[in-house]
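Engineer: Sharing a structure with you now.
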Amino acid sequence: MNARPLSRVPLLLLAGLFASAAGAAAGRLASPAPQREAADELLRAQLEQELILAESTATMYGELESALRTMREAAGGAR
Amino acid sequence: MSSRRSPFLTPAKASLVMVALGTIALMGVPGVGAYLPPAGTLAGIVLDRRGEAVEDIPVALFDAASLSLLEVAHTDAHGRFAFQQASSRFHLFAHPAPASGRVGAWRLSLSREEGREVEISLPSAHPVHVAVTDEMGMPIEGAEVRAYDARATGEESTVVVRVLTDEEGEALLPAPPAAHIGVVGHDGHHLSGWRFDQEIPPGGADFAFSLPRGTLFHGRVVGPGDQPLSGILVSAWDERAEGWQWNGYQLTDPDGRFDLFGAEESTVLRAVDLTQSYLPLALAAENGPRMSVELARGAPLRIHCTDGEEGDLPSRVWVWSPEGQAWSWGTRTDDKGTLQASVSSRHAVVARPLRGDAAAPVAAWDRFYDAPDLELSPAAGGGD
């Protein structure tokens with residue numbers, strides 16, 4: 001029975017494809033830098049969001065301080 | 001006939017009267033007798049970290065929608081307070097004196113139903129000394145120093161102390177054990193300075209801030225076709241020896257314009273669409289003529305967060321755009337855990353469950369857009 005030999009061109013093509021896929025996979029494993037960078041950026045984005053959301057408490061704190069000052073002055077004046 | 005009338009006040013009667021008067025008097029003494037807590041539409045108690053009642057401190061009631069101060073009550077000898085006014089959703093702040101050894105605390109976004117018995121727990125105050133100088137080493141007087149309570153991770157950070165530096169550029173403030181300490185540049189010349197996520201020991205901590213001069217960056221945010229985008233959140237960061245520093249944010253006006261203070265060099269601007277229609281973008285700020293920041297539209301992606309067992313998981317969701325090198329605003333899903341986002345062809349999605357008892361954040365890193373729906377669960381997303 002004659003086995004039909006595979007032509008060299010498709011073999012080389014297959015080998016090349018395999019090598020590039022393996023290289024890409026190895027590259028992904030070896031350098032998760034983009035993900036790490038994105039993870040660092042996420043921490044900063046979350047911190048920024050935290051600070052922005054906390055701005056309302058800074059505003060309210062200021063209003064309370066002003067109201068307490070007015071109350072203290074009124075109490076001092078009444079004495 | 002003679003009758004002997006007994007005297008009006010016998011020793012026995014006098015004793016009875018004394019006992020009755022004593023009982024009445026004791027009823028008003030804290031911890032003795034029938035105590036009637038202050039009554040009102042909203043009520044609660046202020047405790048210190050050991051669970052002991054904190055008396056005679058102001059507690060403020062704010063309307064959650066307008067942020068306006070509605071009423072100030074004071075705690076009684078049992079640490080209890082009550083408000084006569086009510087708001088469908090409200091914030092509370094208990095504000096002890098700086099020298100009390102305790103620092104203020106917030107309860108945010110409570111509903112009227114939750115307001116029947118609110119408990120506010122005050123952290124211990126740890127002393128923080130701050131010295132603020134300019135780039136020449138000269139003290140900056142009147143700089144606003146803030147302590148943020150950073151106990152809870154995520155969105156619950158709150159401003160609990162605000163003081164101004166004296167003529168020596170110094171300030172002494174009480175701070176919670178886990179804090180962000182910030183000096184907010186408001187004078188139009190100097191940048192802000194931050195020390196994030198600080199653990200303040202009981203003995204206290206010292207922080208020295210050297211605030212460089214800043215410059216104003218003018219810009220305009222546009223969409224495709226040079227259409228101005230209003231309401232875009234633009235923020236400024238710059239990198240210094242102490243790490244990344246935040247210089248505040250602004251929402252663009254109807255013409256898409258913004259003016260932000262930042263460092264002459266190394267300022268990075270982040271432009272984020274809060275409605276998630278446009279992709280976020282980070283870029284190096286340029287000084288000189290007005291910058292034009294162009295945001296691209298993304299592809300619609302409906303994200304559904306689940307716990308992996310068919311249960312919806314309401315979460316806060318961030319989407320990464322590799323082209324813009326920026327994350328979106330962390331938007332809350334609805335009660336069913338769904339959110340409509342806008343993503344680039346390649347992207348990452350991170351969801352942080354809103355329920356305190358829920359699992360750790362779920363992430364799907366390095367995804368390609370292949371369908372308008374994404375089921376994000378610990379199993380599907382592959383975890384953090």
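Engineer: Give the residue, chosen from A:L11, A:L47, A:L29, A:L64, that is modelled with pLDDT under 50 and within 14 Å of chain B (Cβ to nearest Cβ).
Structural biologist: A:L29
Engineer: Moving to a separate point now. Can you find a residue in region B:26-33 that is at pLDDT 90 or above and outside any loop (DSSP other than H, G, I, E, B)?
Structural biologist: Within region B:26-33, none of the residues are at pLDDT 90 or above and outside any loop (DSSP other than H, G, I, E, B).
Engineer: In addition: Checking B:H78 against (1) under 23 Å from the mean Cα position of the chain (by Cα); (2) at pLDDT 95 or above; (3) surrounded by fewer than 18 Cβ atoms within 10 Å (Cβ to Cβ): exactly one of these is not met. Which one?
Structural biologist: All conditions pass for B:H78, except number (1).
Engineer: Answer yes if at least one residue in region B:126-133 is surrounded by fewer than 16 Cβ atoms within 10 Å (Cβ to Cβ) and away from chain A (no Cβ under 14 Å), and no otherwise.
Structural biologist: So far as region B:126-133 goes, yes, one or more of its residues are surrounded by fewer than 16 Cβ atoms within 10 Å (Cβ to Cβ) and away from chain A (no Cβ under 14 Å).
Engineer: Residue check: is B:R80 more than 14 Å from chain A (Cβ to nearest Cβ) and within 29 Å of B:L173 (Cα to Cα)?
Structural biologist: Yes.
Engineer: Right, next: Looking only at region B:278-309, which residues are within 14 Å of another protein chain (Cβ to nearest Cβ) and of a type in the set (G, A, S)?
Structural biologist: If the condition is that a residue be within 14 Å of another protein chain (Cβ to nearest Cβ) and of a type in the set (G, A, S), then B:A282 is the only one that fits.
Engineer: Moving on to the next point. Kindly establish whether B:W237 is free of Cβ contacts under 8 Å to residues at least 40 places away in the same chain and within 14 Å of chain A (Cβ to nearest Cβ).
Structural biologist: Here the answer is yes, as B:W237 does meet what is asked.
Engineer: If B:E323 meets every condition in (1) out of contact with any Lys or Arg (no Cβ under 6 Å at 6 or more places or on another chain); (2) crowded, with 17+ Cβ neighbours inside 10 Å; (3) under 20 Å from A:R36 (Cα atoms) apart from one, which number is that one?
Structural biologist: Among (1) out of contact with any Lys or Arg (no Cβ under 6 Å at 6 or more places or on another chain); (2) crowded, with 17+ Cβ neighbours inside 10 Å; (3) under 20 Å from A:R36 (Cα atoms), the lone unmet condition for B:E323 is (2).
Engineer: Scan region B:264-276 residue by residue and report those that are within 26 Å of the chain's Cα centre (by Cα) and assigned to a loop (DSSP other than H, G, I, E, B).
Structural biologist: Selection gives B:L274, B:T275, B:Q276.
Engineer: If we keep just the residues of region B:341-360 that are within 11 Å of another protein chain (Cβ to nearest Cβ) and out of contact with any helix residue (DSSP H, G or I) (no Cβ under 9 Å at 6 or more places or on another chain), which is surrounded by the fewest Cβ atoms within 10 Å (Cβ to Cβ)?
Structural biologist: Per the criteria, the residue is B:R346.
Engineer: Given the structure, is B:L67 closer than 22 Å to B:D149 by Cα and not in a strand (DSSP E or B)?
Structural biologist: Taking the combined requirement at face value, the residue satisfies it.
Engineer: Residue under question is B:Q250, and the condition is that it be closer than 27 Å to B:A341 by Cα, surrounded by 15 or more Cβ atoms within 10 Å (Cβ to Cβ), within 14 Å of chain A (Cβ to nearest Cβ) and in contact with a strand residue (DSSP E or B) (Cβ under 6 Å, 6 or more places away or on another chain); does it hold?
Structural biologist: Yes.
Engineer: Can you name the strands (runs of 3 or more DSSP E) wholly within region B:88-179 that have at least 2 residues being over 19 Å from B:V54 (Cβ atoms)?
Structural biologist: Fully inside region B:88-179 and qualifying: B:89-94, B:105-111, B:126-134, B:144-149, B:158-164, B:170-175.
Engineer: Looking at region B:310-340 only, could you name the residues that are in a loop (DSSP other than H, G, I, E, B) and away from chain A (no Cβ under 14 Å)?
Structural biologist: Answer for region B:310-340, where residues must be in a loop (DSSP other than H, G, I, E, B) and away from chain A (no Cβ under 14 Å): B:E310, B:G311, B:L313, B:P314, B:T333, B:D334, B:D335, B:K336, B:G337.
Engineer: Got a sec? Which of B:G169, B:G188, B:G214 is surrounded by fewer than 15 Cβ atoms within 10 Å (Cβ to Cβ), of a type outside the set (A, V, I, L, M), out of contact with any His (no Cβ under 6 Å at 6 or more places or on another chain) and more than 21 Å from B:L122 (Cβ to Cβ)?
Structural biologist: Only one candidate passes the filter, namely B:G188.
Engineer: Please give the number of the condition B:T275 fails out of (1) more than 14 Å from chain A (Cβ to nearest Cβ); (2) crowded, with 21+ Cβ neighbours inside 10 Å.
Structural biologist: (2) is the only condition that B:T275 fails.
Engineer: Write out, first by first residue and then by second, each pair whose Cβ atoms fall under 7 Å of each other, whose residues are 6+ apart or on separate chains, and whose first residue, in region B:103-118, is within 11 Å of another protein chain (Cβ to nearest Cβ) while the second is of a type outside the set (K, R) and in a loop (DSSP other than H, G, I, E, B).
Structural biologist: These pairs meet every condition: B:G104/B:H95; B:G104/B:P96; B:A105/B:P123; B:S109/B:A64.
Engineer: Under 26 Å from B:P174 (Cβ atoms), under 25 Å from the mean Cα position of the chain (by Cα) and polar (S, T, N, Q) - does that describe any residue in region B:202-217?
Structural biologist: No, there is no match, as no residue in region B:202-217 is under 26 Å from B:P174 (Cβ atoms), under 25 Å from the mean Cα position of the chain (by Cα) and polar (S, T, N, Q).
The values are calculated or read from the model by the stated rules, or taken from the named source; none is laboratory data. If you're wondering where the values come from, they're calculated on a predicted model, not measured in any experiment. Heads up, the Cβs are rebuilt from the backbone with ideal geometry, glycines too, and the neighbour counts pull from every protein chain shown.
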